[in-house]
1. Chymotrypsin sites (Phe, Trp or Tyr not before Pro) within region 178-283: which are DSSP loop residues with at most 15 other Cβ atoms inside 10 Å?
2. Determine which lysines satisfy two conditions relative to LYS233: a Cα distance under 26 Å, and not lying fewer than 8 residues away in the same chain.
3. Check each of the trypsin sites (Lys or Arg not before Pro) in region 174-269 and keep only those in coil by DSSP with at most 13 other C-beta atoms within 10 angstrom; list them in order.
4. If you split all Cα-Cα distances of region 1-109 into 10 Å bins from zero, what percentages do you get per bin, shortest first?
5. Mind checking the log10 I(q)/I(0) for region 10-239 at q = 0.08, 0.10, 0.15, 0.16 Å⁻¹? Debye, one equal scatterer per Cα, no solvent, two decimals.
6. Based on Cα positions only, what radius of gyration and what Dmax would you give for region 172-283, in angstroms?
7. In nm, to one decimal, how far is the modelled label at MET106 from the one at VAL256, with both set 7 Å along Cα→Cβ?
8. I need the calculated FRET efficiency for the pair GLN263 and ALA242, taking r as the beta carbon distance and R₀ as 25 Å, to the nearest 0.05.
Amino acid sequence: MSALNRKITLNDLRAARHTGGKLAMLTCYDFLMARLMQEAGVPALLVGDSAASVILGHDSTLPAQLDFMIELTAAVRRGAPLALLVADMPFGSYQASDARGAANVMRMVKTSGCDCVKLEVGATHRSLIQRLADAGVAVMAHMGLRPQSVGLLGGYRYQARTAQQVDDLVALALQMQAAGASSLLLEAVPPEAAKAVVDMTNIPVIGCGAGPHCHGHVVVTHDSLGLTAARPKFVPQLAELAGTLRAAFARYADDVRDGRYPQAEHDYQMPADEAEKLKTTKS
């Protein structure tokens, strides 16, 4: 394990594309976890709108609010100042118009300190991407499975299943690249689809369940730690913490109930002379 010792930037992600290296990214939503991830040497963090599910308990990402995402991103920035930090723009924050979307993105960048913003994109977002790129904002264009479109898609199902759908995915990737996107994120697509995008573009591609050909990979941390009800197929099991945490919480509850906590070692001690005065006063 080696802690980060310098600032990770988009140049590191671009270098991964050219050198064949791979860049690890995890989702993160709070200061403490961000600090641990930086100490562990995780180079890139994504403050995903998945926080709506794993933090707030919603059954989709749609309820995440912009103010909420800004607060989380700022907390992660404080915990991991050296990591490449990507902030998710939540549903409704950029779809109404390019002007409103650009204003919300710039607010996110200015108030959270993120290095890059992620937008779930379709062809209609090309003008917004170009507008942001012209303003100097790094944009990660999210394609494939787009959780903010779950209502339209009819569920969380993997995408680019046919040759035509792969061609369409590549065409969209090229549009986003031409508009000035700094990188792409492909979620829940077969490896063949990801390879087609990688081969036809010249910007870095992050995979989220997209096979080995991408230049970096991201998963939802809570899934990988066994903290969620179901772990998606593409997520590695890094630990199984739910049982450990349950046992710890149960032990505390039992110790309080049975009088094993608190003990003398947990008490603050009054100075002896003051304790003596207290005894005298009471007697």
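1. Of the chymotrypsin sites (Phe, Trp or Tyr not before Pro), the ones in loops of region 178-283 whose Cβ has at most 15 other Cβ atoms within 10 Å are TYR268.
2. LYS22, LYS118, LYS195
3. Passing both the DSSP loop test and the Cβ count: LYS233, ARG260.
4. The calculated distribution, bin by bin, is 15, 40, 33, 12, 0.
5. For region 10-239 at q = 0.08, 0.10, 0.15, 0.16 Å⁻¹, log10 I(q)/I(0) is -0.25, -0.40, -0.98, -1.14.
6. Computed over the Cα atoms of region 172-283, radius of gyration and Dmax are 28.0, 88 Å.
7. Roughly 4.9 nm, to one decimal.
8. That pair, GLN263 with ALA242, gives E of 0.30.
Readers should treat all values here as calculations from the given coordinates under stated rules, not as data from a laboratory. The model shown is predicted, which means the values in this text are computed figures rather than measured ones. Every residue, glycine as well, gets a Cβ built from its backbone with ideal geometry; the counts of neighbours run over all protein chains shown.
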